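I have placed the structure first, in the form of structure tokens, so that the comments after it can refer back to it.
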Amino acid sequence: MQRSGQKNLEACFYSFIGAKNMCGIIGYSGNREAAPILFSGLKNLEYRGYDSCGIATVHGNALHLKKDAGKIDEVHKKLSLDALPGKCGIAHTRWATHGSVTKENAHPHLSSSGKIAVVHNGIIENFQKQKDFLTSKGFVFNSDTDTEVIPNMMEYHMKKGYDFIEAAKRSLKHMEGQYAIVAVNDEGRMVAARKEAPLVVGVGNGEYFFASDVTAFLEHTKNAIFLEENDLAAIDGGLKIFNLDKNEFVERPVSKIQWDAEQARKGNFDHFFLKEIMEQAEVIERISKMDMKIIKEIAAEIRKAKGIFIVACGTASYACMTGLYLFSKIAKTHINFCLASEFRHFKHFLSDKSLIISVSQSGETADTLSAIRAAKSMGAKVISITNSEGSSLARESDRAIVHRAGPEIAVNATKTYTSQLAVLSLLAYELDNRLDDGLEELRDASRYIYYLTSDNARKFVKGLAEILKDKEHLYLIGKGLQYPTALEAALKIKEISYIHAEAFAAGELKHGTLALVSEGTPCIAFTSEETESEMLNSIMEVKARGAFVIGIGPKRSRAFDFFIKVHEAGDFNPIVQIIPMQILAYQLALLRGCDPDKPRNLAKSVVVK
Ligand code: M6R
């Protein structure tokens, strides 16, 4: 009795772990040694998860497996992950916020007989039911994961006489939840499938890759097939794609990926986070030179719409919030901002005349996807702004602006945030029929970023980091366009330095939070020509309570204890003012011994709700 109670509790607990599970998966089948390819692919996917990892390859009609808890480099040091025989295999890097991170729970997972291995990203919601059924049939489980039911269910069907691919099809029909999986058996047969989780096929010369995203195989091929919902791809005398819903074979187009492998490498930088900060001047300039046809066409859609919502999560939501101010100020166009995770509560206001603008770096964020699906169910039109061509968001939207900031590997967003801001600013300017003015100002902003990322500017910000590094709390204030900037700056600081940072609309401070300001409390104030005098009131309020005031803006004030000068960029201030804050977050992370690329508890693409 007690045991079964405990079992149920565990089932609940582990379904919760599973629900938070966002991982990187890769499979390779071809004419080269698989393990080194899988290992380097895994390194490129590490930003998706870094709690534990593993590789399984096939050689001599047997599966060879290495896996353990720990970051990829740690596990590699112990096990030499790239030294496994065979020309076919699968690999996984895992992320979970709760529960034990153990070798047993690391992927790949094997079937009871050890003849089938599976890597999985997502959650099998009904795994306990499957597990009970399989246990009653004599299958043995070695982990607490939901994933382990997949290889065992495949084996169950194979025992009934179905071949490997048919067994995969039949097994997946039992699985409720979300998944991207790659499975391989001891004969080197490989199958991959997706449902509400990303999976892309890399098509090389006589070789195939299956991965969570293209960065896993970019150094080998730029030809990619983005699988659609409920597609199952198998290597069966070449690549065959079967759609489980339609119950038929389907053709999917091969796309040419625009990114190159070099962009996904660290180069001479110590961290991707810094590299991506440094790339922003160039990325913003590139956006100013992109074909403006799409901006004009989308602006025309915005003009036509009756009721517009802009939705996103995390950093992208702060870009959206900035868009709210930009559309109001420049284009005199009213849009509603909503966090994607809250959007379903507002869907009642939608009709077939409504327009949803969704913003997402990855294009795979589950909350954002679920928001646009809710909108579509009400007949609304969906436009997306994303960095990821071929992503679910891009494919499910009526139109997509792909801003091509290049691969962003650090878990925390930098260059994709400023790219999203650039696109939203240009839309606002086009709505006001002043796109050329917007483009000129955007180019100026790119020059200011260049200056703000120079060695001297970075050293100067490092000085501030030295002052703040031992602080427990930090407050940030701004008004108008600078309010969402303050929110994003606070998120950056929290995410990578783990200092508690909280942002406010400056006018709100006196309505409560001022109570927390005392002698020496650091307070970062964003100013601009437009908000200078109003901001000064709030700055004086914190100053009077003894705050250590850090000013960021075009003009020094006597109230500032530390001042970072940033060129006045008008409507483009959000793009330039965030730069020193990204650098500050980076420096704080280093000084506090935190990993700026892989912060604790976070994953880059939050692909489950
Ligand atoms: O891929 P998305 O832009 O949809 O991701 C949204 C958020 O998960 C993301 O911005 C998150 O807040 C990052 N940790 C920001 O650094």
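Assuming charge only on the beta carbon of Lys and Arg (+1) and of Asp and Glu (-1), the dipole of segment 10-261 about its Cα centre is about 260 debye to the nearest 20. Bridging of LYS604 to lysines at a Cα separation below 20 Å is possible for LYS20, LYS43, LYS71, LYS195, LYS266, LYS275, LYS415, LYS492, LYS494, once same-chain residues fewer than 8 apart are set aside. Counting charges near ASN433 (Lys, Arg +1; Asp, Glu -1) among other residues having Cβ under 11 Å from its Cβ returns a value of -1. For the chain, a crude dipole built from +1 on the beta carbon of Lys and Arg and -1 on the beta carbon of Asp and Glu, taken about the Cα centre, is about 660 debye to the nearest 20. Compute the Cα gyration tensor for segment 370-432, then decide on rounded, prolate or oblate, letting a ≥ b ≥ c be the square roots of its eigenvalues: rounded whenever a/c is under 1.5, prolate when a/b is larger than b/c in the other cases, and oblate in all that remain. Cα axes put segment 370-432 in the oblate bin. How big is Rg to Rh over segment 10-261, alpha-carbon atoms, Rh as the Kirkwood inverse-mean-distance radius? When Rh is taken as the Kirkwood radius, the ratio is 0.93.
Reported value for segment 130-270: 149 Å³ per residue, from the convex hull of its C-alpha atoms. Within the accessible surface of the chain, defined with a 1.4 Å probe on protein heavy atoms only, the carbon and sulfur portion equals 49 percent.
Taken per residue, the accessible surface of the chain reaches 38 Å², heavy atoms only and a 1.4 Å probe. Sorted from longest to shortest, the spans of the Cα atoms of segment 298-357 along the three principal axes equal 27, 25, 16 Å. Label-to-label distance for ARG395 and SER351 is 3.3 nm, based on points extended 7 Å past Cα in the beta-carbon direction. Among the GluC sites (Glu not before Pro) found in segment 207-245, those both in a DSSP coil and sparsely packed, with 14 or fewer other Cβ atoms within 10 Å of their Cβ, are GLU229. DSSP beta bridges in the chain, what fraction antiparallel, as a percent rounded to 5? Restricted to the chain, the bridges split so that about 65 percent are antiparallel. The helix-based estimate of mean residue ellipticity at 222 nm for the chain, built from -39,500 (n - 2.57) per DSSP H run of four or more residues and divided by its residue count, is -12000 deg cm²/dmol to the nearest 500. Model label points for GLU297 and ASP132, set 7 angstrom from Cα along the Cα-to-Cβ axis, are 5.2 nm apart.
Report the equivalent ellipsoid semi-axes for the chain in whole Å, largest first, defined as the square roots of five times the eigenvalues of the gyration tensor built from alpha carbon atoms.
Semi-axes (√(5λ), whole Å): 44, 26, 23.
Site pair LYS71 and GLU502 shows an inter-label distance of 3.1 nm when each label is modelled 7 Å from Cα along Cα→Cβ.
Answer with one residue from ILE579, GLY86, TYR156: the one whose Cα lies farthest towards the positive end of the charge dipole of the chain, charges on Cβ with Lys, Arg +1 and Asp, Glu -1. The residue sitting farthest along the positive end of the dipole is TYR156. Which net charge results for the neighbourhood of CYS53, defined as the other residues with beta-carbon distances under 13 angstrom from its beta-carbon, given Lys and Arg at +1 and Asp and Glu at -1? That sum, taken over residues with Cβ under 13 Å, equals +4. For LYS304, a cut-off of 15 angstrom between C-alpha atoms picks up these aspartates and glutamates, skipping any fewer than 8 places away in its own chain: ASP352, ASP398, GLU430, ASP432.
The values are calculated or read from the model by the stated rules, or taken from the named source; none is laboratory data. Nothing here was measured: the structure is a model prediction, and the numbers come from that model. Reconstructed Cβ throughout: ideal geometry from the backbone, glycine too, with neighbour counts over all protein chains shown. In case anyone asks, the SASA skips ligands and DNA or RNA and just uses the protein heavy atoms, side chains included. Shrake-Rupley method; radii C 1.70, N 1.55, O 1.52, S 1.80 Å.
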